[in-house]
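What follows is one structure encoded as C-alpha cells, with my remarks underneath.
None of the figures in this text is laboratory data; all of them are computed from the coordinates on show. Just so you know, these numbers come straight off a predicted model, no measurement behind them. FYI the Cβ positions are ideal-geometry reconstructions off the backbone, even for glycines, and counts take in every protein chain you see.
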Amino acid sequence: MGCCQTSIAPNLTSFNITFDERYNNSEVHEFNQCSYAFVAEQDWFKFEASYLEDNKLIEKYKDGVPAVLDWVAGRTSCDEAVKNMSSYACISENSQCIKSPNATGYLCSCKKGFSGNPYLKDGCQDINE
C-alpha cells in the first residue's frame, strides 16, 4: 500500500521525508491519493486500515500528535562549554550543566532548590522559601 513506520536514529541533525516516483508513489497515487508523513512519539501510533480511506488519519489527528524533541546545547562537554561563557547556554546564576545521555553536547537544569528556565538570565528561582 505504500505505508511504512520506522524509528528515527539518535544523534541525527536533520530528517527529511520525500514522496517521490522512485519509490512507486505515482502508482499508489492512482488508487489512493493520500501522501502524508508525521513524526510522533515512539510506540504511540497504531495503524488502522481505515486510515487508508480518504483523510481518516488527518481528520482524527487534526489537532496534532505527541512528539518528543531530544536536543542538546552545543557540541562540547560541560567542562569545555563552561570555558567559553559567550556561548555557554546555562546562563541562570542558579543553573548547572548536565552531560547529555543521548548525544554529544550538554543540557542545563536548575540547581536543587530552584525551578524555572536555566537558559534565561535569572531563570532559576528559589523554591525553598
### Task
Could you pull out every one of the lysines with an alpha carbon less than 22 Å from that of residue 56, ignoring same-chain neighbours closer than 8 positions?
46
## Note on the structure
Ranked from fewest to most other Cβ atoms within 10 Å of their own Cβ, 38, 45 fall in the order 38, 45
### Query
What's the FRET efficiency of residue 11 with residue 119 using the Cβ-Cβ distance as r and R₀ = 35 Å, to the nearest 0.05?
0.95
### Task
At q = 0.20, 0.23, 0.24, 0.27 Å⁻¹, work out log10 I(q)/I(0) for the stretch 61-129 with the Debye formula, treating every Cα as an identical point scatterer and leaving solvent out; two decimals please.
-0.79, -0.93, -0.98, -1.12
### Task
Excluding residue 124 itself, calculate the net charge of residues whose Cβ lies under 13 Å from the Cβ of residue 124, where each Lys or Arg counts +1 and each Asp or Glu counts -1.
0
